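**Student:** Sharing a structure, written as structure tokens. Questions coming.
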Amino acid sequence: MINITLPDGSVRQYESGVTSLDIAQSISEGLARNVLAAKVNGAVWDATRAINQDATVQLLTWNDEEGKNTFWHSSAHLLAEALEDLYPDVKFGIGPPVENGFYYDVDLGEHHLSQEDIAKLEQKMLELARQKNVYLRSEVSKADAVDYFTKKGDQYKLDLIKDLEDGSITFYEQGKFVDLCRGPHIPNTGFVKAAKITNIAGAYWRGDEKNKQLTRIYGITFPKQKELTEYLERVEEAKKRDHRKLGKEMELFAFSEKVGMGLPLWLPKGTLLRERLEQFMRKAQMRAGYQPVVTPHIASKELYVTSGHYEKYGADSFQPIKTPNEGEEFLLKPMNCPHHCEIYKTRPRSYKELPVRFAEFGTVYRYEQSGELHGLTRVRGFTQDDAHIFCRPDQVKEEFLKVIDLVLYVFKALGFEDYTAQISLRDPENKAKYIGTDEAWEKAERAIIEASAEKGLSTVTELGEAAFYGPKLDFMVKDALGRKWQLGTIQVDYQLPERFQLEYIGADNQKHRPVMIHRAPFGSLERFVAVLIEHCGGNFPLWLSPEQIAILPISEKYHDYAQQVYDRLQQDDIRGYVDNRDEKIGRKIRDAEVRKVPYMIIVGEKEQENGAVSVRKHGEGDLGAMTVEEFSTFFQGKVAEMLNN
């Protein structure tokens, strides 16, 4: 008998060789029908794989991230089986799950998939799924694996096998299809009830453009047809909310080939939006005791050699700028932290003045590959709301808690209500990727875990996701369409203070090393604005909107009064414009709605006589008549409500 510990801490006894599916069936038939895989001692396994010793077991369903990944990985095999059925000479590369679905890289020879082919492929996948073929795992020797794929003539699988150790190779078989795969997989193909091929692209084998270009087929599957329908509706909604589309329509930002790929140009309205975000953060930082600093856009290469950034990222950054002086090289600033270390060192520091908090909206530059650039979410030049806190070791947890409070304040003010905090730790199996001592890492990781628990954050822990110099807390935010984005990060760092020989004089009159906390609630302003645009569909929170009001005179006779109203509202820092075009009021209202202006203020004869305005709200309609002062009070109350609640 073996002991199986379940997530609630209960322990059940089973005979050795029990499967996770057996365990699910012993709990309830309903649960067993929904189990896709299981986490056994922290590793994801097939639900049908035998467990031969004491273990902790978590049953995974569609509601678990690992359950979805297993479902989509198995669906990639189902796609491959359908392809082999329709195109017997097809050769296969790799077929992993991705954030939404899966893909398989395949060599179809001279055949190019048409829309008709795609429809047949989807139909064949569902036909095979209905057969409820079991995913069978088998361990094979390297020699047998090579023999199998040599006979099959699949050079891509043979290329993959070369890198595998004998004794670690497994095959998976379902129906008539056999694949080289580590797994895990769902119990059988019958779980797949809906399938859609979402995109066809090209991909070089192993990502090397010297190799043959394969066809990358993206797909997505679901356990219910209804879920596929809802997903496709969200995709259509996402197209409408695409920040590149709305950014152009709302005249927020642009790109120019002459300026360079991945280098955004902020237009006047976008600049207003960006400046509002900066002002919002500056006020919050001043209240929290941060001091503003400014650092140059370039620095000596030696600065980044000292920090360790050049060794880690130098090959992938913009290349050094050489000067006429022999051996003198500068780099475009890839990050702000080394500069802030040098500011800290400008004078001796006492334990009494710590923590010292430096904040900067610093623009940094990183050479992203051209194929990875995407609107504002992936650029080569971006501005971080960067700050670095230098504190005593006994202050780390308290400072970390304060930064969490700041991040949550930002999310609340901007309408991000659904988020998870990801505790990113180093990979214990590959410590060579990181700098610093085990003791420093353990202290830093403990501080993050304790602070997160104290704040009652919903957390997930990811090994291997830490920065090279320290662990971090990344905030994963879900937008209005349920998509997950990483916004905001807090990192504890014992390494840079060591590398830069940072010191403070302690109460014992001896020199000590401070601890450094890196934090950026927005992350990058560019990425944050992109996510915000898509989250709210361009309908920004009132306090942030670049155009908060549109004054719409009914005819030319009321242009002067419209301007008077606008001048009065500007005194209360209410922004917008007067629409003096020779257009009917209905057209002006429609245009203001398209521009997503929060409030439309209509003025005509009656309003002018009474010193009043008629107010409409975007997407809702008439709010009635008010005096200018009443509207200003109403407006400012709405802004205060958003920022202070």
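The values are calculated or read from the model by the stated rules, or taken from the named source; none is laboratory data. Here the structure is a predicted model, which means the values were calculated and not measured. In this analysis, Cβ positions are derived from the backbone assuming ideal geometry, glycine residues included, and neighbour counts consider all displayed protein chains.
**Student:** State all residues of region 87-104 that are among the acidic types (D, E) and either surrounded by 23 or more Cβ atoms within 10 Å (Cβ to Cβ) or free of Cβ contacts under 8 Å to residues at least 60 places away in the same chain (or both); if no residue qualifies, say none. Write out each step before concluding.
**Tutor:** Residues of region 87-104 among the acidic types (D, E): 89, 99.
The one that is among the acidic types (D, E) and either surrounded by 23 or more Cβ atoms within 10 Å (Cβ to Cβ) or free of Cβ contacts under 8 Å to residues at least 60 places away in the same chain (or both): D89.
**Student:** Of all residues in region 181-226, count the ones that are among the hydroxyl-bearing types (S, T, Y) and either outside the structural domain of G95 (by TED's automatic domain parsing) or farther than 28 Å from E110 by Cβ (or both).
**Tutor:** Of region 181-226, the ones among the hydroxyl-bearing types (S, T, Y) are 189, 198, 204, 215, 218, 221.
Then drop every residue that is not either outside the structural domain of G95 (by TED's automatic domain parsing) or farther than 28 Å from E110 by Cβ (or both), which leaves 189, 221.
Residues in region 181-226 being among the hydroxyl-bearing types (S, T, Y) and either outside the structural domain of G95 (by TED's automatic domain parsing) or farther than 28 Å from E110 by Cβ (or both): 2 in total.
**Student:** Here are some conditions: (1) surrounded by 20 or more Cβ atoms within 10 Å (Cβ to Cβ); (2) in the same structural domain as E227 (by TED's automatic domain parsing); (3) over 29 Å from the mean Cα position of the chain (by Cα). A24 meets all but one. Which one does it not meet?
**Tutor:** (2)
**Student:** If E237 meets every condition in (1) touching a helix residue (DSSP H, G or I) at 6+ places or on another chain (Cβ under 6 Å); (2) outside any strand (DSSP E or B); (3) more than 29 Å from L31 (Cα to Cα) apart from one, which number is that one?
**Tutor:** Exception for E237: condition (1).
**Student:** Going by what's in this entry, would E251 be described as of a type outside the set (K, R), not assigned by TED's automatic domain parsing to the domain that holds F102 and not in a helix (DSSP H, G or I)?
**Tutor:** Values: of a type outside the set (K, R): yes; not assigned by TED's automatic domain parsing to the domain that holds F102: yes; not in a helix (DSSP H, G or I): yes.
It is true that E251 is of a type outside the set (K, R), not assigned by TED's automatic domain parsing to the domain that holds F102 and not in a helix (DSSP H, G or I).
**Student:** Answer yes if at least one residue in region 337-354 is surrounded by 17 or more Cβ atoms within 10 Å (Cβ to Cβ), within 26 Å of the chain's Cα centre (by Cα) and under 30 Å from G436 (Cα atoms), and no otherwise.
**Tutor:** Checked against the condition, which is being surrounded by 17 or more Cβ atoms within 10 Å (Cβ to Cβ), within 26 Å of the chain's Cα centre (by Cα) and under 30 Å from G436 (Cα atoms), region 337-354 yields at least one hit.
This table checks each residue for (1) free of Cβ contacts under 8 Å to residues at least 60 places away in the same chain; (2) of a type in the set (A, V, I, L, M).
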residue: I2; (1), (2): yes, yes
residue: Q13; (1), (2): yes, no
residue: S16; (1), (2): yes, no
residue: S20; (1), (2): yes, no
residue: S26; (1), (2): yes, no
residue: K39; (1), (2): yes, no
residue: L79; (1), (2): no, yes
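**Student:** Right, another one. So in region 312-356, with the set limited to residues that are assigned by TED's automatic domain parsing to the domain that holds Y504 and hydroxyl-bearing (S, T, Y), which one is farthest from R392 (Cα to Cα)?
**Tutor:** So the residue we want is T346.
**Student:** Follow-up question, since we're still on this one. Consider Y231 carefully, then state whether it is crowded, with 16+ Cβ neighbours inside 10 Å, at pLDDT below 95 and not in a loop (DSSP other than H, G, I, E, B).
**Tutor:** Working: crowded, with 16+ Cβ neighbours inside 10 Å: yes; at pLDDT below 95: yes; not in a loop (DSSP other than H, G, I, E, B): yes.
Considered against the rule, which asks whether it is crowded, with 16+ Cβ neighbours inside 10 Å, at pLDDT below 95 and not in a loop (DSSP other than H, G, I, E, B), Y231 comes out as yes.
**Student:** For the condition surrounded by fewer than 16 Cβ atoms within 10 Å (Cβ to Cβ), over 30 Å from D573 (Cα atoms) and at pLDDT below 95, what is the one hit in K301, K322, K283, K312? Before the answer, list the steps.
**Tutor:** Values: K301 fails: surrounded by fewer than 16 Cβ atoms within 10 Å (Cβ to Cβ); K283 fails: over 30 Å from D573 (Cα atoms); K312 fails: surrounded by fewer than 16 Cβ atoms within 10 Å (Cβ to Cβ).
Step by step, each of K301, K322, K283, K312 is checked, and only K322 is surrounded by fewer than 16 Cβ atoms within 10 Å (Cβ to Cβ), over 30 Å from D573 (Cα atoms) and at pLDDT below 95.
**Student:** Does any residue of region 60-70 turn out to be outside any helix (DSSP H, G or I) and aliphatic (A, V, I, L, M)?
**Tutor:** Our first condition is that a residue be outside any helix (DSSP H, G or I); within region 60-70, this holds for 60-64.
In the following step, the residues that additionally are aliphatic (A, V, I, L, M) were identified as 60.
So far as region 60-70 goes, yes, one or more of its residues are outside any helix (DSSP H, G or I) and aliphatic (A, V, I, L, M).
**Student:** When residues of region 425-462 are filtered for being surrounded by 12 or more Cβ atoms within 10 Å (Cβ to Cβ) and at positive phi, how many remain?
**Tutor:** 1
**Student:** To continue, here is another question. Any idea which of A447, A432, A421 is in contact with a helix residue (DSSP H, G or I) (Cβ under 6 Å, 6 or more places away or on another chain) and either closer than 26 Å to V305 by Cα or in a strand (DSSP E or B) (or both)? Can you show your working first?
**Tutor:** Working: A447 fails: either closer than 26 Å to V305 by Cα or in a strand (DSSP E or B) (or both); A432 fails: in contact with a helix residue (DSSP H, G or I) (Cβ under 6 Å, 6 or more places away or on another chain).
None of the others qualify; the one that does is A421.
**Student:** Right, next: Would you mind finding the one in Y290, Y231, Y218 that is under 30 Å from Q548 (Cβ atoms) and hydroxyl-bearing (S, T, Y)? Explain how you work it out, then say what you get.
**Tutor:** Numbers: Y231 fails: under 30 Å from Q548 (Cβ atoms); Y218 fails: under 30 Å from Q548 (Cβ atoms).
Result: Y290 is the single residue among Y290, Y231, Y218 that is under 30 Å from Q548 (Cβ atoms) and hydroxyl-bearing (S, T, Y).
**Student:** Follow-up. Just one of E110, E127, E173 is among the charged types (D, E, K, R), surrounded by fewer than 18 Cβ atoms within 10 Å (Cβ to Cβ) and at pLDDT below 95; which is it? Write out each step before concluding.
**Tutor:** Details: E127 fails: at pLDDT below 95; E173 fails: at pLDDT below 95.
None of the other options fit; the residue is E110.
**Student:** Assuming S16 fulfils every condition listed in (1) assigned to a loop (DSSP other than H, G, I, E, B); (2) in contact with a strand residue (DSSP E or B) (Cβ under 6 Å, 6 or more places away or on another chain); (3) surrounded by 14 or more Cβ atoms within 10 Å (Cβ to Cβ) apart from one, which condition is it?
**Tutor:** (3)
**Student:** Tell me which of these Q608 doesn't satisfy, since it passes every other one: (1) surrounded by 15 or more Cβ atoms within 10 Å (Cβ to Cβ); (2) within 41 Å of the chain's Cα centre (by Cα); (3) not basic (K, R).
**Tutor:** (2)
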